[in-house]
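Below is one structure, written out as structure tokens; comments come after it.
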Amino acid sequence: MASSGIYKLDDGKPYLNNCFPARNLLRVPEEGQGHWLVVQKGNLKKKPRGLVGAQAERRESLKVTSFEFRGKKGSRRENQVDLPGRILDQAFLLKHHCVRKPSDLCTVNVSGLKFSKAKENDFKHFHSVIYINASENLLPLEAFHTFPALKELDLAFNGIKTIYVKYGDFKLLEFLDLSFNSLTAEAICDLGILPHLRVLLLTGNGLTSLPPNLAVAEQ
């Protein structure tokens, strides 16, 4: 029978043997077969309205909860809003640079973190810091005068308009970048008292000339 390629049933009508699935041709389906699938599909179509409404309310609740969480204290959204009020201190420097003691830190990079205040007294303990990149913040120059060994300081893009330095500040500072701030010729006059300053960058401040008394003798 397999070589003939066809099956002969009781009614005498021929059926091809390569029909798939073959069991539909050779066996009559039992009563009730597939009934569970039909009933299940019907139940999905006729889902109670109360259940649908409850699920919809739950989704809305999750949306509201998610929105409230993003606005809570300490969330990323609030940090982005409150960045200009952040304070630079010893605890942040140690954690940010993954060191245990202030003496273990040699270079500082807090560029673009939008600090606007600094605890100057905390910096007296950082005896090994010789380079600081604090560009793209809102910090004044005088916020760094207590670093005892500081030699290079980058304060570009800090919105600095005025400078206050006195004799004894920045004793070892050799490189100072004040590019792209809002400085005037009068504002930079006090920089002349820095004893070891060798390089001063003032690009992007709109200056057309330097004050004649920029270089003054130390009192």
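Nothing in this text is a laboratory measurement; each read-out follows from the coordinates by a stated rule. Note that this is a predicted model, so its numbers are computed, not measured. Cβ: placed from backbone, ideal geometry, glycine included. Neighbour counts: every protein chain shown.
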Computed about the Cα centre, the charge dipole of segment 84-201 from +1 Lys/Arg and -1 Asp/Glu charges at the Cβ has a magnitude in debye, to the nearest 20, of 380 debye
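Counting other beta carbons within 10 Å of each residue's own, what order do 98, 106, 189 fall into, fewest first?
Least crowded to most crowded, the residues run 98, 106, 189.
Too long at a 27 Å Cα-Cα cut-off: which of 95/161; 101/166; 101/151; 95/166? List each step's numbers first, then the result.
Values: 95/161 30 Å; 101/166 29 Å; 101/151 20 Å; 95/166 31 Å.
Table pairs above 27 Å Cα-Cα are 95/161; 101/166; 95/166.
Using a 10 Å cut-off around each Cβ, can you sort 146, 208 from fewest to most neighbouring Cβ atoms?
Values: 146 18, 208 5.
Fewest-to-most ranking of 146, 208: 208, 146.
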Please sort by residue number the chymotrypsin sites (Phe, Trp or Tyr not before Pro) in segment 164-219 whose DSSP state is loop and whose Cβ has at most 15 other Cβ atoms within 10 Å. 164, 167
Computed curve, segment 84-201, Cα-only Debye sum without solvent term, log₁₀ I(q)/I(0) at 0.16, 0.17 Å⁻¹, is -0.70, -0.79
